[in-house]
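What follows is one structure encoded as structure tokens, with my remarks underneath.
The values are calculated or read from the model by the stated rules, or taken from the named source; none is laboratory data. Given the structure is predicted, the values throughout are model-derived calculations rather than measurements. Cβ atoms come from the backbone with ideal geometry, glycine included; neighbour counts cover every protein chain shown. Accessible surface is based on the protein model in full, side chains and every heavy atom, while ligands, DNA and RNA are left aside. Shrake-Rupley method; radii C 1.70, N 1.55, O 1.52, S 1.80 Å.
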Amino acid sequence: VFFMSLLAYPLTKTDLKGRNVINFYIYFTMLFGGGLVPEYILNTQYLHIGNTIWVYILPGLISPWYTFMIRTFFKDIPNEICESALIDGAGEYMIFFKMIIPLSKPVIAAVSLFTFLARWNSWYPSLLYIDNPKLYSLQYLLQIMLKNIESMLDVSNSNVAVDVNLANIPAETVRMAMAVLVAGPALVIFPFFQKYFVKGLTVGSVKG
């Protein structure tokens, strides 16, 4: 969210050279992707982030959709605020961190929550890039556990003789526990972001 905000803020400046080119470049990545094989080769053979913690961070560091969402919110902030700060001697970094970010809490909160949910529920990078079990994401680890339980239940329904009493496997209990692990953090975090969502929906409706 921090890097997307840093990218979105300059794109609101009409005097930025090459702004339209940058906007088109970001927008183009929303329409076309390189594909799974080139992405895999890039991450493993060139960036060498396969089987490292960085594979969870770098490939999704910038989201074009969220960048445009933040940029649109920044553009709605009156430009007179930035101009008055410039007259008082503030630089662009001070304006960004001291004025733009505090005024943009609704969109920052929304993007932060969406980004958190996307990363929390992500298991695909672990499937493609991770061989070390210590680096498995929680969702991928839960998926492995669920697949193992389903395999054991399939064995119990077959005629294969096993030494373990598979009837005692708590399949439904494990599924419910996984559901709590998946949805629990979102249910705990959402109330803290709720006021920012309400503020974001009502801003501009009352003129004072």
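Residue-normalised convex hull volume from the C-alpha trace of region 1-46: 107 Å³ per residue.
What fraction, in whole percent, of alpha-carbon pairs in region 1-107 exceed 22 Å separation? Don't jump to the answer; show the numbers that get you there.
Working: 2523 of 5671 pairs.
Within region 1-107, distances greater than 22 Å cover 44 percent of Cα pairs.
Every Cα-Cα pair in region 80-138 was counted, and those over 14 Å apart are 68% of them. Solvent-accessible surface (1.4 Å probe) assigned to residue 154 amounts to roughly 100 Å².
Shape summary: the chain maps onto an equivalent ellipsoid whose semi-axes, from the alpha-carbon gyration tensor, are 45, 23, 13 Å in decreasing order. Helical runs (DSSP H, four residues minimum) scored at -39500 (n - 2.57) apiece and divided by the length of the chain put the mean residue ellipticity at 222 nm at -19000 deg cm²/dmol.
Could you work out how far the C-alpha centroid of region 83-99 sits from that of region 32-68, in angstrom? So the two Cα centres are separated by 34 Å.
Relative to the longest principal axis of the Cα atoms of the chain, helix 171-202 runs at roughly 10 degrees. The local environment of residue 20, defined by Cβ-Cβ distances under 15 Å, has a net charge of +4 under the rule Lys, Arg +1 and Asp, Glu -1. Note on residue 51 and residue 20: their simple-model spin labels are 4.9 nm apart, each label 7 Å out from Cα toward Cβ. Under the simplified labelling scheme, the residue 153-residue 181 pair shows an inter-label distance of 1.6 nm, with each label point 7 Å from Cα along Cα→Cβ.
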